[in-house]
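A.B. asks: Questions regarding the structure given below will be posed in turn.
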Ligand SMILES: Cc1ncc(COP(=O)(O)O)c(C=O)c1O
């Protein structure tokens with residue numbers, strides 16, 4: 001579990017100001033391997049490398065800030081899900097990070113793709129992946145997005161409201177197609193994650209409530225519609241979840257709904273999708289399960305519940321996003337200023353300001369997400385100092401890494417790397433303060449490729465047509 005406690009002002013020394021999960025490192029230069037992609041290490045001078053390329057070379061070639069993807073690592077994570085979940089359908093959740101190259105990589109590793117807007121669908125279309133392996137999500141898809149999904153021939157559409165069922169049904173009739181639909185069910189599970197990324201409790205915008213009866217009604221409505229092919233039930237309980245029990249409760253409730261539908265109609269829906277949300281390590285406090293462990297746990301849960309309900313096991317699917325794209329990329333920043341700030345009781349904290357911030361990673365500001373960081377451009381022999389990595393935006397909450405020990409001699413010009421920056425960073429980036437969005441580059445066997453180029457001020461000015 002990630003802990004978001006920030007120690008209060010009663011503590012006198014800087015170490016005590018650190019949250020309970022963060023301990024003072026013996027060697028402030030050392031990397032904790034589970035936070036980084038497999039291709040990351042440091043050379044004898046303490047310079048971080050990704051798949052053999054040093055971050056100093058990356059910074060020279062592509063500038064900072066930049067997101068750096070370890071291609072082999074991302075592919076391996078995608079493949080690990082495909083291998084561990086054999087017989088299941090595994091859809092990569094594109095919202096976590098999407099560009100045409102990544103769409104192709106995950107498809108080459110045997111995964112389908114989930115998109116949730118017309119924009120994401122346009123990217124996977126351009127990538128040339130098989131659209132039959134693409135699912136279309138969204139709680140408020142426009143008519144244009146539904147039409148695009150139908151004409152592109154996406155393999156499934158996950159419906160989220162009665163208005164959408166009617167809209168989709170009419171469009172399908174107009175276009176003479178019969179899409180496969182899954183009904184997004186709200187299971188009422190209180191996943192232990194931040195409120196904004198928990199999506200299966202009742203009081204939120206997604207899905208049809210199982211407890212309130214609308215999920216059963218939606219299944220019947222899709223089944224009865226001549227232009228819709230009911231494929232099954234979908235459940236996504238939230239993100240950054242470490243707790244198999246939450247999936248167990250969700251599986252039990254969705255399978256009970258499935259069984260009730262079978263009893264009422266005599267029709268057996270093909271598919272059950274358990275969504276994504278598998279947690280990753282952002283800090284030393286996080287110990288995620290491997291895909292193989294997850295597969296074993298989910299299989300056991302489903303087998304047990306299906307046996308109890310006397311049901312054949314449906315075609316199962318999952319939608320991991322962050323667990324594939326998150327750990328495979330780091331964010332690289334250059335330090336601009338370092339400011340020691342006195343705290344109560346004589347303690348101090350180093351505010352390390354870098355050349356990016358909340359416009360390239362909103363997660364810390366949005367959900368109090370925790371991150372880690374390391375000095376990436378040299379080895380330091382200075383003692384560890386409690387630091388906060390902040391950005392360049394005009395916002396006090398512009399924090400990238402709330403609590404980390406960095407070398408006390410960290411200085412302007414140093415490079416800092418933030419691991420686990422591949423998911424929901426570039427994909428949620430903004431132009432706040434008219435800051436251009438950083439590029440995404442990949443590294444593979446010593447080769448750097450640009451996946452998304454750096455935005456320029458001209459790109460931003462081009463939109464201003466007034
Ligand atoms: C429906 C659905 N599926 C899958 C995901 C992917 O979640 P994660 O990236 O945490 O695996 C999300 C994330 O919001 C989602 O809403």
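Coordinate-derived values only; no laboratory data. Please read these numbers as outputs of a predicted model, since none were measured by experiment. Ideal geometry is used to build each Cβ from the backbone, glycine not excepted, and the neighbour counts take in all protein chains shown.
A.B. asks: What distance in nm separates the two pseudo spin-label positions at residue 434 and residue 227, each 7 Å out from Cα along the beta-carbon direction?
C.D. replies: It is 4.7 nm.
A.B. asks: Could you check the spin-label model distance between residue 300 and residue 173? Points 7 Å from the Cα along Cα→Cβ, value in nm.
C.D. replies: 4.9
A.B. asks: Just to be sure I understand the model, the point goes 7 Å from the Cα along the line to the Cβ. What's the resulting residue 312 to residue 337 distance in nm?
C.D. replies: About 6.7 nm separates the two model spin labels.
A.B. asks: May I pose another question? Give me the number: length gained by fully extending residue 44 to residue 166, i.e. 0.36 nm times residue separation minus the C-alpha to C-alpha distance, one decimal in nm. Before the final figure, lay out the partial values.
C.D. replies: Numbers: separation 122, 0.36 × 122 = 43.92 nm, distance 6.30 nm.
Once the chain is fully extended between residue 44 and residue 166, it gains 37.6 nm.
A.B. asks: For residue 256 and residue 289, what is the calculated FRET efficiency with R₀ set at 25 Å and r taken between the beta-carbons, to the nearest 0.05? Don't skip to the answer; put the middle values down first.
C.D. replies: Values: r = 25 Å, r/R0 = 1.00.
Once the sixth-power term is evaluated, E becomes 0.50.
A.B. asks: Relative to the longest principal Cα axis of the chain, at what angle does helix 143-152 sit, 0 to 90 degrees, rounded to 10?
C.D. replies: 80
A.B. asks: Moving on. Quick check on the exposure proxy: order 403, 270, 27 from fewest to most C-beta atoms within 10 angstrom. Could the numbers behind the result be given before it?
C.D. replies: Details: 403 23, 270 12, 27 8.
Ranked by crowding around the Cβ, least crowded first: 27, 270, 403.
A.B. asks: Based on the mean of other Cβ atoms within 10 Å per residue, sort peptides 351-363, 305-317, 153-165 so the most packed one is first. All intermediate terms of the calculation are to be shown ahead of the outcome.
C.D. replies: On the way: 351-363: 23.6, 305-317: 15.2, 153-165: 20.9.
Order by mean packing, descending: 351-363, 153-165, 305-317.
A.B. asks: Arrange the following residues from fewest to most other Cβ atoms within 10 Å of their Cβ: 464, 43, 273. Present the calculation step by step, with values, prior to reporting the outcome.
C.D. replies: Working: 464 7, 43 11, 273 28.
So the residues, fewest neighbours to most, are 464, 43, 273.
A.B. asks: Grab the DSSP H runs of the chain that are 4 residues or longer, score each as -39,500 (n - 2.57), total them, divide by all residues and round the 222 nm result to the nearest 500 deg cm²/dmol.
C.D. replies: Details: 13 runs with 137 residues, N = 466.
It lands at -9000 deg cm²/dmol.
A.B. asks: If you count the DSSP beta bridges with both ends in the chain, what percent of them are antiparallel, to the nearest 5?
C.D. replies: On the way: 35 of 70 bridges.
DSSP beta bridges in the chain are roughly 50 percent antiparallel.
A.B. asks: Still on this structure, I have one more. What relative contact order, as a whole-number percentage, does segment 200-323 give when Cα pairs under 8 Å and 6 or more residues apart are counted? Don't skip to the answer; put the middle values down first.
C.D. replies: Working: 155 pairs, mean separation 33.6, N = 124.
Answer for segment 200-323 is 27 percent.
A.B. asks: For 42, 141, 205, which order do you get if you count the other beta carbons within 10 Å of each Cβ and list the fewest first? Spell out each step's value before the answer.
C.D. replies: Working: 42 20, 141 24, 205 10.
Fewest-to-most Cβ neighbours within 10 Å comes out as 205, 42, 141.
A.B. asks: Can you tell me what the convex hull of the Cα atoms of segment 305-382 projects to on average, as an area in nm²? Display every interim value, and only then the final one.
C.D. replies: On the way: hull surface 43.7 nm².
Taking the Cα atoms of segment 305-382, their convex hull projects to 10.9 nm² on average.
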